[in-house]
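K.L.:
Just passing along the structure, written as structure tokens.
The values are calculated or read from the model by the stated rules, or taken from the named source; none is laboratory data. Here the structure is a predicted model, which means the values were calculated and not measured. We place every Cβ from the backbone using ideal geometry, glycine too, and count neighbours over all the protein chains shown. We work out accessible area using only protein heavy atoms, side chains counted, and drop any ligands, DNA or RNA first. Shrake-Rupley method; radii C 1.70, N 1.55, O 1.52, S 1.80 Å.
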Amino acid sequence: MAGSHKAGAASRREGGGSAAPRRRNKRSRARIAGVTVLSVVVLAVAGGGWIYFQLNGNIKTFDDGGVSANRPAASTKGSNVLVIGSDTRSGDNASYGHGTGDIGRSDTAFLMHVYSDQKHAVAVSIPRDSLVDIPPCKLPNGTWTKDKHNVMFNSAFEVGETVEGNPACTQNTVEKLTGLRVDHTVVVDFAGFAKMTEAVGGVQVCVPNDVYQGDLNPKLGHKGSLIFGKGPQTVSGQKALDYVRIRHGIGDGSDIGRIQRQQAFVGSLIKKVKGNGLDPTSLLPLATAATKSMTVDPGLGSANKLISFAMSMKDIDLHNTKFVTLPWRYEGARVAVVKPEADALFAALRADRTVDGQDAAGKGASAAPSPAASAPAPASGQGISVAVYNGTIEKGLAGKAAESLKSAGFTVTGATTAATQDYTHTVIEYGPNDEAKAKTLATHFPGALMRQSKTPGLNVILGTQYKESGADAAPSAPASVPPAVADKARSADDNICSNLSYG
């Protein structure tokens, strides 16, 4: 029988690429949106002659040799862009922020899902302190780390302790957490963020109360002078960076609250860029600042590639640009991922369902497909061995599934309880040479998530959506963003003073 250790690892994998989901958190979020959505559009508008050549020469790429071989399959249902904010103090960044050190750290991250209709997008913020599993990651000397369990999300970017950070490791972690293949990864630094806000002529923000130097830097030891007065105002450069970094003395003082203010900032930045007009005069300074501050994967490593990427998002309006936060709860001083809601959120994105329940392929919130259309007929399991685990609190589920599989010809090596009982979706884990067998097994579990493992053999971990057994399992209703997430979503056209802090 496959060991309980394997199921224990599996129990953290349901929501993502084979597993589940920082540090000073969100300064980058602002720099990011300007990079991935809008400033890149500049390249399409002004991308000719020497201007094109200049922008092309600004772009830096990271080594993607550290991207895991065990990745979620590519999807035709939209695309996914990971945006990471680096708070390294090297180079031009030394004059920004209030810290020291040469190790690149991830202060914020979000995964942007651009829907296949190219008219909707949603950015999912991942709190830096979220406790996640980090898969093996490549070190500068070429060796790979071992799996790490229940560690802070932002520690993935620090693996190897280099100035430039480890974006490939963060990408591996996000894929494992979400089950979504990351098509592109973008890293933006302090200096780039500050210069982009200056390039657009400042960004309008809202401050709920007066903020002082001591709020930005608690180690100061005294209140200090006033940085921000209460109310709406326009910020740029260092002041914009200070706004997105502040946590103490504003709102409820939490990192989650800071995320929400940064989401508002990004929305305001997008609104400002579009309001300025998408012409070369307005966009060239922004494009220059953005490309100088970015480090991207090789798939985006030229102006031409960035133009193509940008053009895929040019028709997304402000209201359909959404921001949500990964479902979470406090676990001591850290943040735990709430699996049922997180799983549902990522399942909705995999299915290309928008925050308001639309099918981005243009079919609307249609009813569940018929069983015949949604899954192949259950296949014979002759010659296939599988271990069954119950990932729910419903007693006897593993035994029931085991009997059904035996009757279909499978050899069941064991039926027991998984390490955790918080699965929503059924998960099938398979070894490097077992994909064909896993696909056969999947015909008995419509809607199951497939996860490749480095350990040979098959495991099936049952979730709450498993109905009765085997071929009698009903297809799930269309995936949808859970109400607890959708109800708190922010649009880029929302009032800048609304919902600025959790609590």
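K.L.:
So which of S106, S90, S95, S68 is modelled with pLDDT of 55 or more, open to solvent by 10 Å² or more (accessible area, probe 1.4 Å) and not basic (K, R)?
P.N.:
S68
K.L.:
If you check S225, S268, which single one turns out to be modelled with pLDDT of 85 or more and more than 15 Å from V200 (Cβ to Cβ)?
P.N.:
S225
K.L.:
OK, next. Restricting to the range 456-503, and then to whatever is hydrophobic (A, V, I, L, M, F, W, C) and at pLDDT below 85, can you tell me which residue is nearest to A360 (Cα to Cα)?
P.N.:
Ranking the qualifying residues of the range 456-503, first place goes to A479.
K.L.:
Between residues in the range 54-65 that are in a helix (DSSP H, G or I) and residues that are open to solvent by 80 Å² or more (accessible area, probe 1.4 Å), which pairs lie under 9 Å by C-beta distance while being six or more apart or on different chains?
P.N.:
N56/N304; N58/K292
K.L.:
Let me ask another. Would you check if there is a residue in the range 198-205 being farther than 20 Å from L286 by Cα and open to solvent by less than 10 Å² (accessible area, probe 1.4 Å)?
P.N.:
Within the range 198-205 (the criterion being farther than 20 Å from L286 by Cα and open to solvent by less than 10 Å² (accessible area, probe 1.4 Å)), the answer is no, since none of the residues qualifies.
K.L.:
So which residues in the range 153-166 are part of a helix (DSSP H, G or I) and more than 13 Å from the chain's Cα centre (by Cα), if there are any at all?
P.N.:
S155, A156, F157, E158
K.L.:
Could you list, in sequence order, all residues of the range 435-460 that are over 14 Å from P378 (Cα atoms) and either within 27 Å of the chain's Cα centre (by Cα) or assigned to a loop (DSSP other than H, G, I, E, B) (or both)?
P.N.:
Hits for the range 435-460 are E435, L449, M450, R451, Q452, S453, K454, T455, P456, G457, N459, V460.
K.L.:
Name the strands (runs of 3 or more DSSP E) wholly inside the range 286-339 in which the number of residues that are in contact with a Pro (Cβ under 6 Å, 6 or more places away or on another chain) and buried (at least 22 other Cβ atoms within 10 Å of the Cβ) is 2 or more.
P.N.:
Because the criterion is at least 2 residues that are in contact with a Pro (Cβ under 6 Å, 6 or more places away or on another chain) and buried (at least 22 other Cβ atoms within 10 Å of the Cβ), the strands (runs of 3 or more DSSP E) in the range 286-339 that meet it are 334-337.
K.L.:
Let me ask you something else. Take the conditions farther than 16 Å from H184 by Cα, at pLDDT 90 or above and assigned to a strand (DSSP E or B) and apply them to V81. Does it pass?
P.N.:
No.
K.L.:
Something else: So V211 fits all but one of (1) under 30 Å from K223 (Cα atoms); (2) open to solvent by 20 Å² or more (accessible area, probe 1.4 Å); what number is the exception?
P.N.:
Exception for V211: condition (2).
K.L.:
So L345 fits all but one of (1) out of contact with any Ser or Thr (no Cβ under 8 Å at 6 or more places or on another chain); (2) in a helix (DSSP H, G or I); (3) surrounded by fewer than 20 Cβ atoms within 10 Å (Cβ to Cβ); what number is the exception?
P.N.:
(3)
K.L.:
Within the range 123-152, how many residues are open to solvent by 10 Å² or more (accessible area, probe 1.4 Å) and not in a strand (DSSP E or B)? Break it down into steps so the answer makes sense when it comes.
P.N.:
To start, the set of residues in the range 123-152 that are open to solvent by 10 Å² or more (accessible area, probe 1.4 Å) comprises 128-129, 131, 135-136, 138-152.
This time we only want the ones that are not in a strand (DSSP E or B), so: 128-129, 135-136, 139-143, 145-147.
The total comes to 12.
K.L.:
When the range 377-395 is examined, which residues are found to be farther than 18 Å from E435 by Cα and either modelled with pLDDT of 90 or more or part of a helix (DSSP H, G or I) (or both)?
P.N.:
Correct list: Y389, N390.
K.L.:
Regarding the range 369-376, can at least one residue be identified that is modelled with pLDDT of 85 or more and either within 28 Å of R71 (Cβ to Cβ) or open to solvent by less than 10 Å² (accessible area, probe 1.4 Å) (or both)?
P.N.:
no
K.L.:
If I filter the range 404-421 for residues that are closer than 21 Å to Q452 by Cβ, part of a helix (DSSP H, G or I) and modelled with pLDDT of 85 or more, do I get at least one hit?
P.N.:
yes
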